[in-house]
Structure formats: C-alpha cells, structure tokens
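The values are calculated or read from the model by the stated rules, or taken from the named source; none is laboratory data. What you see is a predicted model, and the numbers here were worked out from it, not measured in a lab. Here the Cβ positions follow ideal geometry from the backbone for every residue, glycine too, while neighbour counts run over all protein chains shown.
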Amino acid sequence: MNIPTVRQCLAYMDDFAMYDNIRAHSLMVARVASALLSGLERSDRLVAPLPPASLVTAGALLHDIAKTRCLQQECRHAEVGEQICRDLGFPEIGEIVRDHVILSDYSIDRYRQGVFNARELVYYADKRVRHDVIVTLDSRLAYIIERYSEGDPRREQMIVANFRRCQDLEECLFGFLDYLPEELPDHIAEDFPVVGE
C-alpha cells in the first residue's frame, strides 16, 4: 500500500491550488479522524484490526483535493479527487476520497460489530467539521441542506438520507469509544498533523 506522508499531502494541497479555507477544513478533518482512530485503539471490544493511522491521516488531508478545481469547473469533487489520487499512485487514498461524501460500502451490521475502515472514519469526520470547526451532525446537516440542496426537495431528501446513515454510523462508532459525540472536541490534538511526518 502506497501512502503519502503528511508533508507530501501538504505539497499536493499546494500543487492542486487548494483554497486556504478548504485546507483548514481538511486539517481539522484529519484531526477529528485521528482522534476517532486513537479512541478506537483504546477499545478492547473491536473484532478486526483498525486501519493504519497514516492511511486515515492522508485520506483526511486529501479528501477535498479536487474541491478547488470542481468549484471552478462544476464537477463532482469526490470522483475527480479519486482519479487525482489514483494518478498520483495512491489508489487506497482514492477510495477514501471517493467515499467521503457518500459511503459506497455502508454496512450497519459491520459497524455494530466494531469493524471500521479508513473510509468510514474520514466520512464521519468530514460530516462533523463545518469549515474548520467541529459541529454536531444536525448542525452540519442544516448547513449542507442550505448550501447544496438548491431548493430541490429530491436533493434535500437525498442529503437527509445520507445523514441518517451517518447518524447510525455515529451511534456505532461511539459505542466503541470512551467518550460521547459532544465530547469529541475535547479529544482533538492541537499539534496534529505533524508536518515532518
């Protein structure tokens, strides 16, 4: 598995002209995903190995790698971002990027058993971060509806359905963590990610 370092991820942010606000968002998503992974590592009830921290971090840092391009060209940033990561030689990161908006392999039964991969951690972390601030899922849902539904009831319904899945994932995740969803901000490392990695 080929995983870019934090330093490489930050360089790719520059290479793909990531806006400062999207970079700040991505850094916070990486902090949240890392906190979730650290919390799961403390659990003695997981039935499967957790993903490598480097995979989770890189996936979180690069999840919006195509956002600038797609804001300018009106494309689907998750799909374009997946292709960018594949072209760079990081297909596993590409899968995380592809799934950060909507999980393609959602499995509530797997989550109830305590089986989580990098895609779920980045997907959930992204839903908890509005701009660069950790918020509740309800708050993020309201923002996403306002920003992306375009007044289309069908589109709003799809957004709500995706967030219902995320709420179910949250319930499962925090069933294995030693803190509550509202306590997540207290578990974020301020000095993460370390640039020298």
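Quick notes on this structure:
- Qualifying residue in region 42-53 (condition: of a type outside the set (A, V, I, L, M) and closer than 18 Å to Cys85 by Cβ): yes
- Only a single criterion out of (1) assigned to a helix (DSSP H, G or I); (2) surrounded by 18 or more Cβ atoms within 10 Å (Cβ to Cβ); (3) charged (D, E, K, R) is not satisfied by Asp14, namely (2).
- Considering residues of region 125-144 that are buried (at least 16 other Cβ atoms within 10 Å of the Cβ) and of a type outside the set (D, E, K, R) only, the residue farthest from Tyr111 (Cα to Cα): Ile144
- Subset of region 94-132 [within 22 Å of Ile144 (Cβ to Cβ) and hydroxyl-bearing (Ser, Thr, Tyr)]: Ser104, Tyr106, Tyr111, Tyr123, Tyr124
- Considered as a group, the residues in region 159-197 that are over 19 Å from His25 (Cα atoms) and small (Gly, Ala, Ser) include one that is modelled with the highest pLDDT, and that residue is Gly175.
- Residues of region 153-168 satisfying the condition of being without any contact (Cβ under 8 Å) to a residue 60 or more places away in the chain and in contact with a helix residue (DSSP H, G or I) (Cβ under 9 Å, 6 or more places away or on another chain): Arg155, Glu156, Ile159, Val160, Phe163, Cys166, Gln167
- Candidate set: region 46-80, residues that are among the acidic types (Asp, Glu) and modelled with pLDDT of 95 or more; chosen: the one surrounded by the most Cβ atoms within 10 Å (Cβ to Cβ): Asp64
- Here Arg98 clears all of (1) more than 18 Å from the chain's Cα centre (by Cα); (2) crowded, with 22+ Cβ neighbours inside 10 Å; (3) charged (D, E, K, R) except the condition numbered (1).
- Exclusive hit being out of contact with any helix residue (DSSP H, G or I) (no Cβ under 7 Å at 6 or more places or on another chain) and not aromatic (Phe, Trp, Tyr), set Asp99, Asp132, Asp87, Asp64: Asp87
- Scanning region 94-124 for residues that are of a type in the set (Gly, Ala, Ser), at negative phi and touching a Lys or Arg at 6+ places or on another chain (Cβ under 8 Å) yields Gly94, Ser104.
- Within region 80-90, at least one residue is among the small types (Gly, Ala, Ser) and at positive phi.
- Counting only helices (runs of 4 or more DSSP H) that sit completely within region 18-75, those holding 2 or more residues that are of a type in the set (Ser, Thr, Tyr) correspond to 20-41, 53-62.
- Residues in region 81-95 that are surrounded by fewer than 19 Cβ atoms within 10 Å (Cβ to Cβ) and among the hydrophobic types (A, V, I, L, M, F, W, C): Leu88 alone.
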